[in-house]
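Chemist: The following block contains the structure, expressed as structure tokens.
The values are calculated or read from the model by the stated rules, or taken from the named source; none is laboratory data. Quick caveat: nothing in here was measured; it's all calculated off a predicted structure. Cβ atoms come from the backbone with ideal geometry, glycine included; neighbour counts cover every protein chain shown. Only protein heavy atoms, including side chains, enter the accessible area calculation; ligands, DNA and RNA are left aside. Shrake-Rupley method; radii C 1.70, N 1.55, O 1.52, S 1.80 Å.
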Amino acid sequence: MKITTENIQVGFHARQILKGISMESKDKELVGIIGPNGSGKSTLLKCILGQVPHSGKLHYVDAKGKHTGNPIIGYVPQYLRFDRTSPTSVMDFFAACLSKYPVWLCSMKKLRPKVLESLCRVKAEHLIDRRLGALSGGEMQRVLLSLALNPMPDLLLLDEPVSGVDHNGLKLFYEIVSELREKEDMAIVLISHDLPLVAQYADQVVLLNKKVICKGTPQEVFNRKETKALFGNIVAPLEEEAE
Ligand code: ADP
Ligand code: MG
């Protein structure tokens, strides 16, 4: 699955939020989107999800080169607001979210192995009986990812939390996402706040600030003066790797 956006424009109350966003992912590509706060990253994902009115076009092309109109989209939001004191467990949360899909219409007893299998995919099977409110940021992110993989999407959109996930948790998340890219025919668009990790795992990086400032391989984008002006010099880990 490949996705192309063509001249996406978004305005809220006459204020332009996104200007002429054109980008494309290639097959099995992990596209990392970076940019300062308020640069329109989350809004771009919401356009693709159809949650924000926009002009411009979205094209999807499947593995056989056929244009498809309605891909299955999986989405991990930046925040999930819920009552942290609620007794709801990960298992309850899955049952509530997935019961609308026919394959999941079965008793809790039959559901449990399926939920375990899903959680296993994101190395989170041990969390099945944990209270949602007791999960760390990284654990919550993986539980939301495993939900986004039911059903297995053609396009996976990930809006990484700005804070609350420790470095090991983030690294594990990138490893899992990178593995998915290898195994499934899926386009992945990931908003990232961890530049060294995106430099390591993304195939393509897009620097967004209301418009596309630059795009290319991580090396190309992180060597651009526009990127350095915003984030400083972060190419060191790549250079170390090359030695
Ligand atoms: P990012 O994810 O890059 O931090 P966002 O896409 O959340 O940025 O927001 C981009 C800009 O759009 C911000 O200035 C934000 O205030 C504005 N914005 C986002 N959603 C709305 C909305 N529903 N109504 C009005 N303005 C919005
Ligand atoms: Mg955001």
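Chemist: Restricting attention to the range 12-43, which residues are touching a strand residue (DSSP E or B) at 6+ places or on another chain (Cβ under 9 Å), among the polar types (S, T, N, Q) and within 16 Å of ligand 2 (Cβ to nearest atom)?
Modeler: Of everything in the range 12-43, those that are touching a strand residue (DSSP E or B) at 6+ places or on another chain (Cβ under 9 Å), among the polar types (S, T, N, Q) and within 16 Å of ligand 2 (Cβ to nearest atom) turn out to be 39, 42, 43.
Chemist: Next up: Determine which single condition residue 209 fails, assuming it passes every other condition in (1) within 16 Å of ligand 1 (Cβ to nearest atom); (2) more than 30 Å from residue 9 (Cα to Cα).
Modeler: Of the numbered conditions (1) within 16 Å of ligand 1 (Cβ to nearest atom); (2) more than 30 Å from residue 9 (Cα to Cα), the odd one out for residue 209 is (2).
Chemist: Ok, one more. What number of residues within the range 3-49 are assigned to a loop (DSSP other than H, G, I, E, B), of a type in the set (Gly, Ala, Ser) and either surrounded by 14 or more Cβ atoms within 10 Å (Cβ to Cβ) or more than 8 Å from ligand 1 (Cβ to nearest atom) (or both)? I'd like the intermediate steps shown before the answer.
Modeler: We begin by selecting, within the range 3-49, every residue assigned to a loop (DSSP other than H, G, I, E, B); these are 13-14, 25-29, 35-40, 49.
If we keep only those that are of a type in the set (Gly, Ala, Ser) too, we end up with 14, 25, 35, 38-40.
Right, trim to either surrounded by 14 or more Cβ atoms within 10 Å (Cβ to Cβ) or more than 8 Å from ligand 1 (Cβ to nearest atom) (or both) and you get 14, 25, 35, 39-40.
Within the range 3-49, residues that are assigned to a loop (DSSP other than H, G, I, E, B), of a type in the set (Gly, Ala, Ser) and either surrounded by 14 or more Cβ atoms within 10 Å (Cβ to Cβ) or more than 8 Å from ligand 1 (Cβ to nearest atom) (or both) number 5.
Chemist: Identify, please: which residue in the range 73-89 is loosely packed, with under 14 Cβ neighbours inside 10 Å and aromatic (Phe, Trp, Tyr) and is, among those, nearest to ligand 1 (Cβ to nearest atom)?
Modeler: Looking at the filtered set, the residue picked out is 79.
Chemist: Restricting to the range 222-243, count the residues that are within 20 Å of residue 18 (Cα to Cα) and either out of contact with any Pro (no Cβ under 9 Å at 6 or more places or on another chain) or at pLDDT below 80 (or both).
Modeler: Adding up the residues that qualify gives 2.
Chemist: Name every residue in the range 180-198 that is open to solvent by 10 Å² or more (accessible area, probe 1.4 Å), touching a Leu at 6+ places or on another chain (Cβ under 6 Å) and not in a loop (DSSP other than H, G, I, E, B), in order of residue number.
Modeler: Within the range 180-198, just 181 meets the criteria.
Chemist: Can you tell me which residue in the range 62-99 is farthest from residue 158 (Cα to Cα), limited to those that are at pLDDT 90 or above and among the β-branched types (Val, Ile, Thr)?
Modeler: 85
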